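Worksheet for the structure shown next.
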Amino acid sequence: MEDDKNRRRQGRNLAPQEQREHDIAEYENQITYSPRYNDDIFEYRHVCLPKQIARWVTPDRLMTETEWRSLGVKQSHGWVHYMIHKPEPHILLFRREKDYQIKYPNGTGPINGGVGGLVG
């Protein structure tokens with residue numbers, strides 16, 4: 001991390017992977033999380049990424065848990081990136097089975113929450 005700062009101070013560009021890691025480390029504290037809201041089946045929330053992290057999101061497909069966690073998103077188990085709202089790709093839409101934490105106290109519920117994804 002210190003090497004990254006030194007390189008940036010010296011005007012050198014970082015390799016893409018180094019830049020990604022730098023952006024996430026520098027801006028992950030600016031990720032915002034909505035309150036949870038629900039219907040009869042699912043619990044929902046949206047996560048807003050700062051533009052410096054949002055640029056690393058692949059806009060045309062849903063992310064796996066490993067992928068969204070690698071961007072600095074921190075949530076309890078069971079959340080699934082279920083939809084892309086193309087006008088606002090920096091806002092990640094998540095859902096999980098309602099009462100997931102009660103039904104699966106050890107976080108051992110269905111891998112994808114039993115839900116499919118939407119792009120639109």
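The values are calculated or read from the model by the stated rules, or taken from the named source; none is laboratory data. In this text the structure is predicted, and so the values were computed from the model without any measurement. Positions of Cβ are backbone-derived with ideal geometry, glycine not excepted, and every protein chain shown enters the neighbour counts. Note: accessible area is taken over every heavy atom of the protein model, side chains too, but ligands, DNA and RNA are not part of it. Shrake-Rupley method; radii C 1.70, N 1.55, O 1.52, S 1.80 Å.
Taken as a whole, the condition of being under 13 Å from the mean Cα position of the chain (by Cα), open to solvent by 70 Å² or more (accessible area, probe 1.4 Å), of a type outside the set (Lys, Arg) and modelled with pLDDT under 95 does not apply to Pro89. Cys48 satisfies every condition listed in (1) closer than 22 Å to Ala25 by Cα; (2) free of Cβ contacts under 8 Å to residues at least 24 places away in the same chain except (2).
Screening Glu88, Glu65, Glu21 for residues that are of a type in the set (D, E, K, R) and closer than 22 Å to Asn106 by Cα leaves exactly one candidate, Glu65.
I'm checking my understanding of the structure. Among residues of region 29-72 that are of a type in the set (Val, Ile, Thr), part of a loop (DSSP other than H, G, I, E, B) and open to solvent by less than 80 Å² (accessible area, probe 1.4 Å), which one is modelled with the highest pLDDT? Among those that are of a type in the set (Val, Ile, Thr), part of a loop (DSSP other than H, G, I, E, B) and open to solvent by less than 80 Å² (accessible area, probe 1.4 Å), it is Ile31.
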